[in-house]
Amino acid sequence: MISTVEATLLVSSNTSGEVLTCREGLSFWGGVDPETGVIIDVHHPDHGADLAGRVVLMPTSRGSCSGSGVLLQLARNGQAPAALVFREAEDILTLGAIISARLFDRPIAVLRLPPALYDVLSRATEAEIDGDALHFSGQSVPLSRPDTQRLRLSETDHHLLAGYDGLARQIAMEVVCLMAAVQGADELIDVSRAHIDGCILAHDANLGFAEKMHEMGAKVVVPTTINAISVDRENWQSWGVIPDFGNKASRLADAYVNMGARPTFTCAPYLLDDAPRVDEAIGWSESNAVIYANSVLGARTQKHPDYLDLFIAITGRTPNTGVYLAENRIPVCELRVILPAQIEDALWPMLGWLAGSKSPSGIPVLTGLEGLVPAPDDFKALCAAFGTMSAAPMLHVRGHTPEGDIPLSADASRIDITAGELRELWQAFNAADDQVDLVAIGSPHASLAEVRRFVDLLGGSSCHPATKTIVTVGRSVLADMTGEGLLDRLQRAGVEVIPDICWCSMTEPVFPAAASVVMTNSGKYAHYGKGLTGRGMRFGSLKDCANAAISGRADKGLPGWLLSDR
C-alpha cells in the first residue's frame, strides 16, 4: 500500500513546465476545452486559465468520470498539461494519463505529493520531472512508484496478466492492477455488473479508444449497460446531424454494443427495471449514477473513470478500495441544512451543488431534512448536482438514505447550509436574460414520474412558438411513456422528446442553434451548460420550466419559497 507521506510518481514522463496552481479541484469534462486546454467552467475560480504545457497542481479532480477522456484528447492533440500534481487521492485523470501512455504512447506525468510538499511546490515558478525525481526551486525530491507486486491476485487474474485470454483482457488486467496499486488496494474483487460512460463523442479520443479495444477482441464478461450517447441512434439523420459526426457517434456506440454491452443509452441506469441492490458490488462510471447507486440504492462502486469502466467489464474485477469498503463510507462532515419555511423541488439540486462545494472531497451527511419526504427524482437531482462540485462518490441524507444514520467520523466537521446561500446560488444560476429560448428537461435522463408531472404541469397548454422545449429520456422510459400516451400528449403540446442523447452530450443542430438562453430544472446542467454551449442559463423548478415553456419567459427575481425564512 502506498504510504501517504511519500511523494509518488503515479505515471512517469520526463517533462518540465511553468507551475500553475488551481485554487480548487476541476472537472476536465465540462470544465476544460478538450481541443485547447483552457478552463471553460465559468463557476471555477481559475476560469480562462490555460493548462497546456504546464505543471498543473490541484487538490484532486472533481465532477465527471469523463475527465479521463478529455485528458486523452488533450494528449493526442498536443495540448495536455506537462504534468498533473495532486495532494489527495485522484483516479479520473490518473487513469486518463495511464491510457494515454499505455495505448497511445502520449505520456503525461502524474504525481501525488504530501500536503506540505505540495504547498511548497505551489509557490515555485517552474518544475521538472526527470526519472524518479522532482526538481524545483533548487530542490530535488525523490519519487516512489506504485508497487503492483504487493497485490493478492487470483489464479484467473494471473492467467489474464499472462495474456492467455488475449491482448485486450491482458491490457485491461494490467491497468486494473496498476490502478489498484495507485489506490492502495491489496486485492481485487468481483463485480456483478458494469456501466460504460465513455460512449459520448465529445472528442475523437473516445472513438479511438473504443475501436482500438474492439479490434483487439475485447468482450464484456458481466452484464453491462451503456450511458447516453451523442445522437438518437436510430433517427439522427432526421435531425439534420452532420453525417461525419453522426456516423462517428454511431460507430462509438456500436463499438461498445459489439463488445457485448446492452444498448440502454441512458445516463440514469438506476431507472432500469434491474437496479442494483443494497451491498451489491458493481463497476459503474457516470458520476450521477455512481453517487445515486451508492447513496440511494446502497450498492457499492467507486466513481470509476471512463475507460477503466470497460476494463472492469471485460475482466469482471475491480480494486477492493474506496467505498467498496464499509469503513470508507463513513461521513466526514455534517452539513446542517437550515430550510426556508416553504420548499419546491428546485431545493434538491441546489442542496446537491452546495453540499458538493462544502465537501469537495469527503463524504457528507445532510441533516435537517428528516421531516421532508423526498421522491426518487429529488434524490436524482441531488446526486447529479453534488457530483458537479465534489470528488466524493456518495453522500448520506439523515433519515432517508440506507446508511444515513451511521455515526460521523471522530474528527468530522459541521457546516451549515443556509437559506441565504440558497438565495445566492439561485441568483448565480439565473444570471441570463428572462426571455427563454429553450427549456431543457432530462439531465440526468427524465424518469417516467418526471415526465408524468411535466405533462400535468403543462395542463394541456401549448409551448410558446418562440421557445423550444426538449425532454431527453432513456429508451426504457420512452417505451413506458409511449404506452401511457404521454409521448403523444407532449408532442401535441409542441414538446420534442429525444431518446439516447442527454443534454451534456447534445450539440447543434439537435441543440437549437438560435437559442441564446436555456432554462433547466437540473443543477448539473445549470452548472455545466454555459461552458458546454456558450449560452446563458436559467434555473428553476419543474413547474417553473413548464411555465417558461408556455410563456417564453422565466420569472424575475427570487421565487416566493426562497423568501420564506422560518
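The values are calculated or read from the model by the stated rules, or taken from the named source; none is laboratory data. No experiment lies behind these values; they were computed from the predicted model shown. No Cβ is skipped: glycine too gets one built from the backbone with ideal geometry, and neighbour counts run over all protein chains shown. Heads up: the accessible areas ignore ligands, DNA and RNA and are worked out on the full protein's heavy atoms, side chains in. Shrake-Rupley method; radii C 1.70, N 1.55, O 1.52, S 1.80 Å.
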Using the Karplus equation 6.51 cos²θ - 1.76 cosθ + 1.60 (θ = phi - 60°), what ³J(HN,Hα) coupling, rounded to whole Hz, does each residue of the range 261-272 give in order, writing x for Gly and Pro? 7, 6, x, 6, 6, 9, 8, 10, x, 5, 7, 5
Magnitude of the charge dipole, the range 374-458, Cβ model with Lys/Arg +1 and Asp/Glu -1, debye to 20: 220 debye
Residue-span extension gain [R123 to R492] - 0.36 nm each, minus C-alpha spacing: 126.8 nm
Once the Cβ-Cβ distance between Q139 and A479 is put in as r, and R0 is 60 Å, what FRET efficiency do you end up with, to the nearest 0.05? 0.45
Cα centroid distance between the range 131-157 and the range 64-92, in Å? 19 Å
Let me know the charge dipole size of the range 471-566 about its Cα centre in debye, to the nearest 20, where only the beta-carbon of Lys, Arg (+1) and Asp, Glu (-1) is charged. 340 debye
Rounded, prolate or oblate: which one fits the range 26-131, using the alpha carbon gyration tensor with axes a ≥ b ≥ c (rounded when a/c is under 1.5, else prolate when a/b beats b/c, else oblate)? rounded
Taking the Cα centre of the range 1-102 as the origin, how large is its charge dipole in debye, to the nearest 20, when only Lys and Arg (+1) and Asp and Glu (-1) carry charge on their Cβ atoms? 200 debye
At R0 = 22 Å, how high is the FRET efficiency between Q342 and A449 if r is their beta carbon distance? Nearest 0.05 is fine. 0.50
How about the range 122-181: which trypsin sites (Lys or Arg not before Pro) there lie in a loop by DSSP and see at most 11 other Cβ atoms within 10 Å? R123
Quick check: the distance between the Cα centres of the range 220-281 and the range 1-55, to the nearest angstrom? 29 Å
Kindly provide the helix-only [θ] at 222 nm of the chain, computed as the sum of -39,500 (n - 2.57) over DSSP H runs of four or more divided by all residues, to the nearest 500 deg cm²/dmol? -9500 deg cm²/dmol
Find, among the GluC sites (Glu not before Pro) in the range 1-71, those assigned to loop by DSSP (not H, G, I, E, B) with at most 16 other beta-carbon atoms within 10 angstrom. E6, E24, E35
With every protein chain kept in place and a 1.4 Å probe, the range 201-316 has an accessible area per residue in Å² of 31 Å²
Once you have a ≥ b ≥ c as the square roots of the Cα gyration tensor eigenvalues for the range 246-312, tell me rounded if a/c is under 1.5, and otherwise prolate or oblate according to whether a/b is larger than b/c. prolate
Post the alpha-carbon centroid distance, the range 483-538 to the range 399-475, in whole angstrom. 13 Å
Per the C-alpha gyration tensor (a ≥ b ≥ c, the square roots of its eigenvalues), the range 322-379 is rounded if a/c is under 1.5, else prolate if a/b beats b/c, else oblate; here it's prolate
Can you work out the FRET efficiency for the pair H47 and E6, with r the C-beta to C-beta distance and R0 = 22 Å, to the nearest 0.05? 0.10
Rule-of-thumb Rg ratio for the range 84-125 [Cα; 2.2 N^0.38 Å; N residues]: 1.31
Positive-pole candidate from P319, A355, G371, dipole of the range 315-372, charges at beta carbon: P319
Just want to confirm a number: the relative contact order over the chain, from Cα pairs under 8 angstrom separated by 6+ residues, in percent. 14 percent
Amide H neighbours of R54 at under 5 Å, excluding residues fewer than 5 places away on the same chain, with H built from the backbone geometry, are A82, A83
Lys pairs in the chain, Cα-Cα under 24 Å, at least 8 apart or on separate chains: how many? 22
Among the GluC sites (Glu not before Pro) in the range 285-386, which ones are in a DSSP loop with at most 15 other Cβ atoms within 10 Å of the Cβ? Mind listing them? E370
For helix 347-358, report the angle its Cα long axis makes with the longest principal axis of the Cα atoms of the chain; keep it between 0 and 90° and round to the nearest 10°. 20 degrees
Under a crude label model (7 Å from the Cα following the beta-carbon direction), how far is A281 from D433 in nanometres? 5.5 nm
